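Each remark here refers to the structure printed beneath this line.
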Amino acid sequence: YPEGFPDEVIEMFKEATGLDVLCNKPYSGTQLIADYGKEHVETGKPIVYTSADNVFQVAAHEDVIPLEKLYEICEKSRAFLQGKHGVGRVIARPFAGEYPNFYRTSGRHDFSLIPPKDTALDVLMKNGFATIGVGKIYDIFAGKGVSETYRTGPNKIGMEKTDELFEKDFEGLCFINLVDFDMVYGHRNDAEGYANALNEFDEWLGGFMEKMHEDDVLMITADHGCDPAYTATTDHTREYVPLFLCGKPVRGTEEGEAPATYTSFADLAATLAQYFGIVYSGAGNSFAEEVFV
């Protein structure tokens, strides 16, 4: 929605919530509250906006529209944002503070479009495997196919929860989302913060890899790139992302061997299914035979 949402969407919002809106444009979230926060506090109108992503975002000051009310507004929006206007996520964006020093709070919540058919998570769960979500995983999939969930927050808490779950006896997939690289540093063009977060993750990763079991496989990837040093935009900067695999079952690469390029995240889903030995008819082409011994 490069020009904001069409009138029909805004009218559905007004009818569902009884509220008028401010903004209705693509916007940087932090700049948004600087530009519209004062008017929002004075009028009580929620701030509706989008971004380069296919999302419908609702920002509100916690003293004007309390969190539970904001979540209710987003749930009502999710109900009519289907079909033609079935955006991937409706996102609650609470903020606090006094003008001109407004700041986002940690109460963000994503209301995702329910996957229209079974994902690899669903198939894993139906075949008796654990599908454990850490961070935003439950929200991303609207809970579908997630057998156990832990909402965490900052990277540090996510890594601590991953260490805790490593001691748990289960067979299946533990799916972790570390949000700081994107939300705290990437979109804010904070290259120094991003570098520090990478160093913290790298230090944690060394200890985690040392304790992996014989049949454990670790996969590290991202859903997009968000280069904090590219200051021309606060949006995503690339769609090709790295994929790292390690563990005893993973075939090592030969010196000078060029890395493979895959076409879709669906390829990773198909690869997971093959590794777990289950039948999966979803999109994607497995590359399991290329990477596992």
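Going by accessible area, probe 1.4 Å, with all protein chains left in place, what is the ranking of Ile157, Ile33, largest first?
On the way: Ile157 70, Ile33 10 Å².
These residues rank, largest area first, as Ile157, Ile33.
To the nearest 10 Å², what's Leu173's accessible area with a 1.4 Å probe? Spelled out: Leu173, probe radius 1.4 Å, area about 30 Å².
Expressed as a fraction of 2.2 N^0.38 Å, the value expected for a compact globular protein of N residues, the C-alpha radius of gyration of region 147-254 is 1.17. Considering all different alpha carbon pairs of the chain, the Kirkwood hydrodynamic radius works out to 20.9 Å.
The share of C-alpha pairs in region 117-187 whose separation exceeds 21 Å stands at 27 percent.
With both bridge residues required to lie in region 124-254, what share of the DSSP beta bridges run antiparallel, to the nearest 5%? Numbers along the way, then the final one.
Details: 4 of 12 bridges.
Taking every DSSP beta bridge with both residues in region 124-254, the antiparallel ones total about 35 percent.
Amide hydrogen proximity for Phe175: with H placed 1.01 Å from N in the peptide plane, the residues at 5 or more positions away or on another chain lying under 5 Å are Ile132, Gly133, Val134.
Annotation note: trypsin sites (Lys or Arg not before Pro) in region 167-261 located in DSSP loop regions with a Cβ neighbour count of at most 15 within 10 Å are Lys168, Lys211, Arg251. Helix 191-210 axis versus longest C-alpha principal axis of the chain: approximately 30°, rounded to the nearest ten. Once you sort the root eigenvalues of the Cα gyration tensor of region 71-153 as a ≥ b ≥ c, which label holds: rounded (a/c under 1.5), prolate (a/b larger than b/c) or oblate (the other case)? Taking the square roots of the gyration eigenvalues as a ≥ b ≥ c, region 71-153 is oblate. The sum of -39500 (n - 2.57) across all DSSP H runs of n ≥ 4, divided by the residue count of the chain, sets its helix-only mean residue ellipticity at 222 nm to -10000 deg cm²/dmol. Does anyone have the angle between helix 7-17 and the longest principal axis of the chain? Alpha-carbon axes, 0 to 90°, nearest 10? Helix 7-17 sits at roughly 80 degrees to that axis.
Protein chains only, probe 1.4 Å: how do Thr261, Thr43 rank by accessible area, largest first? Kindly include the intermediate steps, with their values, before the conclusion.
On the way: Thr261 105, Thr43 70 Å².
Highest to lowest solvent-accessible surface, that is Thr261, Thr43.
Once the Cα atoms are used to define both axes, helix 67-80 deviates from the longest principal axis of the chain by about 80 degrees.
Met219 exposes around 50 Å² of accessible area when a 1.4 Å probe is run over every protein chain in place.
Given region 1-111, report the % of alpha carbon pairs whose separation exceeds 16 Å. Tail of P(r) above 16 Å: 53 percent of Cα pairs.
What pairs from Lys38/Lys156; Lys14/Lys144; Lys25/Lys76; Lys76/Lys156 go past 26 Å between their alpha carbons? Present the calculation step by step, with values, prior to reporting the outcome.
On the way: Lys38/Lys156 33 Å; Lys14/Lys144 29 Å; Lys25/Lys76 20 Å; Lys76/Lys156 33 Å.
Distance filter (> 26 Å) returns Lys38/Lys156; Lys14/Lys144; Lys76/Lys156.
For Ala142, the amide hydrogen comes within under 5 Å of the amide hydrogens of Ser112, counting only partners 5 or more places away or on other chains and with H modelled in the peptide plane.
The values are calculated or read from the model by the stated rules, or taken from the named source; none is laboratory data. Just so it is clear, the model here is predicted, and its values are computed rather than measured. Neighbour counts are summed over all protein chains in view; Cβ atoms, including those assigned to glycine, are modelled from backbone coordinates with ideal geometry. The area values use the complete protein model at the heavy-atom level, side chains included, leaving out ligands, DNA and RNA. Shrake-Rupley method; radii C 1.70, N 1.55, O 1.52, S 1.80 Å.
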